[in-house]
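Read through the structure below, which is laid out as C-alpha cells, and then see the notes.
The values are calculated or read from the model by the stated rules, or taken from the named source; none is laboratory data. The model shown is predicted, which means the values in this text are computed figures rather than measured ones. Cβ sites come from the backbone with ideal geometry, for glycine too, and all protein chains shown count toward neighbours. Protein only, heavy atoms only, side chains kept; ligands, DNA and RNA dropped before computing areas. Shrake-Rupley method; radii C 1.70, N 1.55, O 1.52, S 1.80 Å.
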Amino acid sequence: MSLASKVALVTGSASGLGRVIAETLLARGASVAICDINPARLATAKEALAAQYPPSRVLALEANVADEASVKKLLEQTVEHFGHLDVLVNNAGIMDKFDPVGDCDTQLWNSILSVNLTGSFLVTKYALPHLQAQATARGGGPAGSLIINIGSTASFSGLTAGAAYTASKHGLVALTKHTAGFYGPKGVYSVALQPGGMTETNIADAFAAGMNVEGLQAIKEAHPKMNNVPVDHVARYAAFLSEDGIGQSANGSCIVLTGNWPEA
C-alpha cells in the first residue's frame, strides 16, 4: 500500500536502523523528516537522500531528543515544511556497556534514560498536537495517526543488556501502552517494535571506551544462542504499521522481532 499522502518523522535516522526506516518509508511514497544529533552523519544521509528524492519529500534536521527546546523546534520545523504529521518513529537511542546496577555510573544512567525514555516522551509530547490534528482532519478511525516506539529485547527481558538500557526500554513499553490507551480513542495509535540483536546499527558506539565483561558474560550464559535480525525487516514492519487501519488494529501492541532470541 502506498504511503504517498503521509508525512513521517524518524528520530535518530542519520544512520543505522533509523535511516533504513526512513528510506523504507520514502520508498513507499511517504515524505520524511530525518533528524540526528550527529551533524556529520546527518550531512551524509542528507546528501544521499537528496540524490534520490526532491526537497519537498525529505527534510534533514539536527536535533537532540533529550533537550526540550531542541525537540520543540524539531516539530515546528517539520510541520512548517510539510504542513502536517501522520507518523512518528521514536528510534533515537543509545546503548549502555552491559553494566549491572552496582557498576553503573550515575552519569551514564542519566544519559541513557534521557535519550531512550525522556527523549521519546518529549518528541511524543510535542508531536501529539500535530498527530491529533491530522487524525481529526482525516476522520480518525483507520485513517488515524501513529506513534512507533523502537524497543528491544531489553523491553521484556531482564538480562539482555545493562541495567540502564533495560530500565529505559522497559519504560518505553509503559509509555507506549499508556499513550495507546489514552490517545487511541482520539485517533492517535501507539505501537512498540521490540527487535533483537541487529548488526547494522550504531551499537558499537557505546563500546568505544570498553564494556563490562562480567555483565556481558552473564548475558551470554543466560542466553547463549543469539539470532540477529536484519534492520530492513524491522523497517518493513514500521512501513506496514503506517498503512491506514493497521495502526488502529495494532494499537497498544508490543511486537517482538527477535528470531526467537531469547527463546519464547
Starting from residues that are within 14 Å of ILE150 (Cα to Cα) and in contact (Cβ under 8 Å) with a residue 40 or more places away in the chain, keep the ones in region 221-236 and report whichever is most open to solvent (accessible area, probe 1.4 Å). ARG236
Those residues that are open to solvent by 20 Å² or more (accessible area, probe 1.4 Å), in contact with a Ser or Thr (Cβ under 6 Å, 6 or more places away or on another chain) and either of a type in the set (A, V, I, L, M) or outside any helix (DSSP H, G or I) (or both), I need them from region 37-73; list them, please. ARG57, ASN64, ALA66
Please go through (1) buried (at least 24 other Cβ atoms within 10 Å of the Cβ); (2) polar (S, T, N, Q); (3) closer than 15 Å to HIS84 by Cα for THR11 and return the number of the only condition it doesn't satisfy. (3)
Hey, ALA14 more than 15 Å from GLN77 (Cβ to Cβ), touching a strand residue (DSSP E or B) at 6+ places or on another chain (Cβ under 8 Å) and part of a loop (DSSP other than H, G, I, E, B) or not: yes
For region 247-264, give me each residue that is without any contact (Cβ under 8 Å) to a residue 24 or more places away in the chain and either part of a loop (DSSP other than H, G, I, E, B) or touching a helix residue (DSSP H, G or I) at 6+ places or on another chain (Cβ under 6 Å) (or both). ALA264
Does region 237-246 hold any residues that are assigned to a loop (DSSP other than H, G, I, E, B), in contact with a helix residue (DSSP H, G or I) (Cβ under 7 Å, 6 or more places away or on another chain) and surrounded by 15 or more Cβ atoms within 10 Å (Cβ to Cβ), and which are they? SER242, ASP244
Pair list, Cβ < 6 Å and 6+ apart or interchain, from region 100-122 residues that are under 23 Å from ALA218 (Cα atoms) to residues that are acidic (Asp, Glu) and surrounded by 14 or more Cβ atoms within 10 Å (Cβ to Cβ): ILE112/ASP96
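Any chance you could count how many residues in region 144-169 are open to solvent by less than 20 Å² (accessible area, probe 1.4 Å) and in contact (Cβ under 8 Å) with a residue 24 or more places away in the chain?
Going through region 144-169 one residue at a time, the tally reaches 18.
Kindly provide the set of residues from region 126-139 that are closer than 14 Å to GLY245 by Cα and surrounded by fewer than 19 Cβ atoms within 10 Å (Cβ to Cβ), ordered by number. Before you say what the answer is, go through the steps one by one.
Within region 126-139, the first condition is being closer than 14 Å to GLY245 by Cα, and the residues that meet it are 135, 138-139.
ARG138, GLY139, listed by residue number.
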Six or more apart or on different chains, Cβ under 9 Å: which pairs go from a residue in region 39-56 that's of a type in the set (Val, Ile, Thr) to one that's open to solvent by less than 60 Å² (accessible area, probe 1.4 Å)? Could you list them? THR44/ALA14; THR44/SER15
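Return the only residue of ALA192, ALA167, ALA180, ALA127 being assigned to a strand (DSSP E or B) and under 23 Å from ILE255 (Cβ atoms).
Numbers: ALA167 fails: assigned to a strand (DSSP E or B); ALA180 fails: assigned to a strand (DSSP E or B); ALA127 fails: assigned to a strand (DSSP E or B).
Answer to the check: ALA192.
Of ASP105, ASP86, ASP96, which residue is buried (at least 19 other Cβ atoms within 10 Å of the Cβ) and closer than 22 Å to TYR165 by Cβ? Can you show your working first?
Values: ASP105 fails: buried (at least 19 other Cβ atoms within 10 Å of the Cβ); ASP86 fails: closer than 22 Å to TYR165 by Cβ.
Checking each option against the conditions leaves just ASP96.
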